[in-house]
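Student: Let me begin by handing over the structure; questions about it come next.
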Amino acid sequence: MLDGMTCGGTLRLRMISICMAAVAFSVAAHAISEDSATIHRIEVEVVPGRLLHTNDFLKGFNTEVRTMNHSFVARLKYAFAPPEGSEQALIYKGVYQGAGLAFHSFNPQLGNPVSLYLFQGATVKTLSQRLSLNYEWDFGLTYGWKTYDRDTNPENRVIGSKLTAYIDLGFYLRWMLSRNWDLNIGASVSHYSNGNTSIPNAGLNAVGAKASVAYYINREEKHHSSGELPAFDRHWGWDLTLYGAWKRRGMDTSTGTYALPGVYGVAGFTLNPLYHVNHWLNVGASLDGSYDSSANMEVKTTTVGDQEQEPTKDDVILSPWYQRVALGLSARAEFVMPYFTINFGIGHNFVNAHTEDMKGFYEILALKIKLLRQSYLHIGYSLYDFYYPNNLMLGIGFHL
């Protein structure tokens, strides 16, 4: 049953992958359209690592009775950076962004998927003219997992769809070997999840040591920007985001965990006044409204002997519409960089806060990708109480 049900989520995530690819090509096209002073680079990176044992399947509860540790990633990346001495280079030290392709190697029962992703990095601290501490985040989609299957891979509660989100954060030392070459050494942590769009969805986490060589096509010998930082006018702004998504729900019974029949729609908005503190930081609050068609549902259970049976469509009782909506207030902070903004929020509902699925605190992590001057693409994820997965937040936003 689960295999058939994950197809819908996989098809929808494939649609997202097409959008991600379009954004990646847009980023690359922007770089090509810039003047000849734009810096271009090609990088090859390897990340040998280790899986974090967050699930019994990884600890040895699998058909091979094997503890799964193996993780290896090879990445091919293209990036562009602003011209030396430009205003953007002065404000965002060492910033670069681009698109990459990653090849993953895991234990056989997880598969060897491939990722297409966007990334951005910058300098945290300049240690010398040729040495610096940098960070980089990656965000994209990973395809080709060996997923849960009731008959052939029933213990795999980690990955429930062939397509998942891919998130990585790393820090590294950049050593400028010459005008054209860099050597980078550091560490990173990765997370793979389908955003609750199919079940099971325990997710996979890995840590690794990363090393890479980067070739710059047209970089100046002295790779640093100097000059006076442009003035910044502190001000208030408003962001309005409209989003939608879908999710799956599961149920634990005495005979196992089952996915409830059907896919449930989610929609919502955030109205977010933000105080722009400086070039890199916005802070504020947000009014968050949501509609979750699966919220506060009831599931009838049927028992045969001493065992609960797998729920059917007729066992699912949806709640009244007014128990599916929520309003909440959240504190927000944004890390602002060229083309991309990372938004983080912690909030609590004040409408339907007493109901089972809407009580407690909720957390939001979102990436805003600049489209036009006053609009952005919004890709976010919501959790409850820093642990329970809630839903994706896929939409569009406007700077008011």
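The values are calculated or read from the model by the stated rules, or taken from the named source; none is laboratory data. This is a predicted model, so every value here is computed, not measured. All Cβ positions, glycine included, derive from the backbone under ideal geometry; neighbour counts span all protein chains shown. These accessible areas exclude ligands, DNA and RNA; they are computed on the full protein's heavy atoms, side chains included. Shrake-Rupley method; radii C 1.70, N 1.55, O 1.52, S 1.80 Å.
Student: In terms of Cα to Cα distance under 22 Å, which lysines are near enough to residue 370, apart from those fewer than 8 places away along the same chain?
Tutor: Here the lysines satisfying the reach criterion relative to residue 370 are 77, 93.
Student: Moving on to the next point. Does segment 309-400 come out rounded, prolate or oblate, given a ≥ b ≥ c as the square roots of the eigenvalues of its C-alpha gyration tensor, rounded meaning a/c under 1.5 and, failing that, prolate meaning a/b above b/c?
Tutor: Working: a/c = 2.34, a/b = 1.94, b/c = 1.21.
Prolate shape, in that a/c is at least 1.5 and a/b is the bigger ratio.
Student: What order do 56, 239 take when sorted by accessible area (1.4 Å probe), most exposed first? Provide the component values of the computation, followed by the final result.
Tutor: Details: 56 95, 239 10 Å².
So the residues, ranked largest to smallest area, are 56, 239.
Student: Residue separation times 0.36 nm, minus the C-alpha to C-alpha distance between residue 217 and residue 114: what's the value?
Tutor: Here the segment from residue 217 to residue 114 would lengthen by 34.4 nm.
Student: Here is a follow-up. Using label points projected 7 Å from each Cα along Cα→Cβ, tell me how many nm separate residue 42 and residue 287, to one decimal.
Tutor: Once both label points are built, they end up 5.2 nm from each other.
Student: Note the full-extension length gain between residue 87 and residue 277 as 0.36 nm times their separation in residues minus their Cα-Cα distance, in nm to one decimal.
Tutor: Full-extension gain reported as 66.6 nm.
Student: For the pair residue 152 and residue 399, how long in nm is the line joining their label points, each one 7 Å along Cα→Cβ?
Tutor: Rounded to a tenth, the inter-label distance reads 4.9 nm.
Student: Leaving ligands, DNA and RNA out of it, report the carbon-plus-sulfur percent of the accessible area of the chain at a 1.4 Å probe.
Tutor: Accessible surface attributable to carbon and sulfur in the chain totals 63 percent.
Student: Can you check what the net charge comes to around residue 262, using other residues whose Cβ is under 9 Å from the Cβ of residue 262 (Lys, Arg +1; Asp, Glu -1)? Don't skip to the end; give the middle numbers.
Tutor: Working: positive: 248, 249, 313; negative: none.
Local net charge: +3.
Student: Karplus couplings for segment 271-277 from phi (6.51 cos²θ - 1.76 cosθ + 1.60, θ = phi - 60°), rounded to Hz, Gly and Pro as x?
Tutor: Once θ is set to phi - 60°, the couplings for segment 271-277 become 10, 10, x, 10, 9, 7, 6 Hz.
Student: If every alpha-carbon in the chain counts as one equal scatterer, what log10 I(q)/I(0) does Debye give at q = 0.12 1/Å?
Tutor: With one equal scatterer per Cα and no solvent, log10 I(q)/I(0) is -1.02.
Student: Separation between the residue 64 and residue 298 pseudo-spin-labels, each 7 Å from Cα along Cα→Cβ, expressed in nm?
Tutor: 4.7 nm
Student: Under a 1.4 Å probe, what is the accessible area of the chain per residue, stated in Å²?
Tutor: I get 46 Å² per residue for this part.
Student: To the nearest 10 square angstrom, what accessible area does residue 175 show with a 1.4 Å probe?
Tutor: Ignoring ligands and nucleic acids, residue 175 comes out at about 130 Å².
Student: Okay, next question. Kindly identify segment 119-256 as rounded, prolate or oblate by the Cα gyration tensor criterion: order the square roots of the eigenvalues as a ≥ b ≥ c, call it rounded if a/c is under 1.5, otherwise compare a/b with b/c, prolate if a/b is larger, else oblate.
Tutor: oblate
Student: OK, next. So which aspartates and glutamates can residue 313 reach, going by Cα to Cα under 17 Å and dropping same-chain residues fewer than 8 places off?
Tutor: Cross-link targets: 3, 252, 298.
Student: Same structure, new question: Taking 56 Å as R0, compute the FRET efficiency from the Cβ-Cβ separation of residue 183 and residue 322 and round it to 0.05. Mind dumping the intermediate values first?
Tutor: Working: r = 60 Å, r/R0 = 1.06.
Here the calculated transfer efficiency is 0.40.
Student: Work out from phi, with θ = phi - 60° and the Karplus expression 6.51 cos²θ - 1.76 cosθ + 1.60, the ³J(HN,Hα) of each residue of segment 328-339, listed in order in whole Hz, and give x for Gly and Pro.
Tutor: 3J(HN,Hα) across segment 328-339, in whole Hz: x, 10, 9, 8, 10, 9, 10, 9, 9, 9, x, 6.
Student: Moving to a separate point now. Would segment 137-199 count as rounded, prolate or oblate if I go by the C-alpha gyration tensor, calling it rounded below 1.5 in a/c and otherwise prolate when a/b exceeds b/c, oblate otherwise?
Tutor: Here segment 137-199 falls in the prolate category.
Student: Once phi is turned into θ = phi - 60°, what whole-Hz ³J(HN,Hα) does the Karplus curve with 6.51, -1.76 and 1.60 give for every residue of segment 125-137, x standing for Gly and Pro?
Tutor: 8, 7, 8, 7, 4, 10, 10, 8, 9, 10, 10, 7, 10
Student: Further question on the same structure: Could you work out how much longer the chain between residue 307 and residue 209 gets when fully extended? Use 0.36 nm per residue separation minus the Cα distance between them, nm to one decimal.
Tutor: 30.6 nm
Student: Could you work out how far helix 2-33 tilts from the main Cα principal axis of the chain, as a 0 to 90 degree angle to the nearest 10?
Tutor: Between helix and principal axis, roughly 10 degrees.
Student: Just going by the charge dipole of segment 242-325, with Lys and Arg at +1 and Asp and Glu at -1 on Cβ, which of 275, 296, 323 is farthest out on the positive end?
Tutor: 275
Student: Can you give me the relative contact order of the chain as a percent, contacts being Cα pairs under 8 Å and 6 or more apart?
Tutor: Value for the chain: 12 percent.
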